[in-house]
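Data first, discussion second: the structure below is written as structure tokens.
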Amino acid sequence: MNSSRKISVVYDGECPVCTTYVSMLRLKELAGDVQLINARDDHPLVTEIKQQGISLDDGMVVKIGEQLHHGDQAVQQLALITGPSGVVNRLHYWIFSSAWRAKVIYPFLRAGRNLLLRILRRSPIDSKSN
């Protein structure tokens, strides 16, 4: 991964699993200057993502340079960025560095997130007015 390209990760900051996920990957430690953005915040990148027609309720977004990666492609990019360094990242890398595995597994992760948010009585991201 070219470390000179700016990396931003847009994730649901009200989802405890999402927040734990981005912290466990040790992104800033392994990839340098990574900007972590709560998808529920009024942030220019969140606006850009929504203007592109991408639903943040359907998955997180990783922006590398000018390229947006959504959902299973986002977790695959995170696996490739962080690599197999440490126990958690080694497992993450093994599972999600494969586009096929990421595409198969990600919908289950998204469904689990959506169920957890319902249990916690937290509204979907896109229900917030733009």
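Among the listed residues R101, R40, identify the single one that is open to solvent by 60 Å² or more (accessible area, probe 1.4 Å) and either charged (D, E, K, R) or not in a helix (DSSP H, G or I) (or both). From the options R101, R40, the qualifying one is R101.
Yes/no per residue for (1) in a strand (DSSP E or B); (2) modelled with pLDDT under 95; (3) within 20 Å of A111 (Cβ to Cβ):
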{"residue": "L45", "(1), (2), (3)": "no, no, no"}
{"residue": "D58", "(1), (2), (3)": "no, yes, yes"}
{"residue": "L68", "(1), (2), (3)": "yes, no, no"}
{"residue": "A74", "(1), (2), (3)": "no, no, yes"}
{"residue": "L78", "(1), (2), (3)": "no, yes, yes"}
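Look at (1) open to solvent by 20 Å² or more (accessible area, probe 1.4 Å); (2) closer than 17 Å to P124 by Cα; (3) touching a Lys or Arg at 6+ places or on another chain (Cβ under 9 Å) and you find that L56 fails only one, number (1).
Matching residues to (1) polar (S, T, N, Q); (2) within 11 Å of the chain's Cα centre (by Cα); (3) buried (at least 19 other Cβ atoms within 10 Å of the Cβ):
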{"position": "V61", "(1), (2), (3)": "no, yes, yes"}
{"position": "E66", "(1), (2), (3)": "no, no, no"}
{"position": "L78", "(1), (2), (3)": "no, yes, yes"}
{"position": "H92", "(1), (2), (3)": "no, no, yes"}
{"position": "I95", "(1), (2), (3)": "no, no, no"}
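Can you name every residue in the stretch 3-26 that is modelled with pLDDT under 90, open to solvent by less than 80 Å² (accessible area, probe 1.4 Å) and of a type outside the set (S, T, Y)? Matches in the stretch 3-26: V22, L25, R26.
The values are calculated or read from the model by the stated rules, or taken from the named source; none is laboratory data. Note that the structure is a prediction, hence the values are computed from the model and not measured. Methodologically, a virtual Cβ is constructed for each residue, glycine included, from the backbone with ideal geometry; neighbour enumeration extends over all protein chains shown. When the accessible area is computed, the model is the full protein with side chains, heavy atoms only, and any ligands, DNA or RNA have been set aside. Shrake-Rupley method; radii C 1.70, N 1.55, O 1.52, S 1.80 Å.
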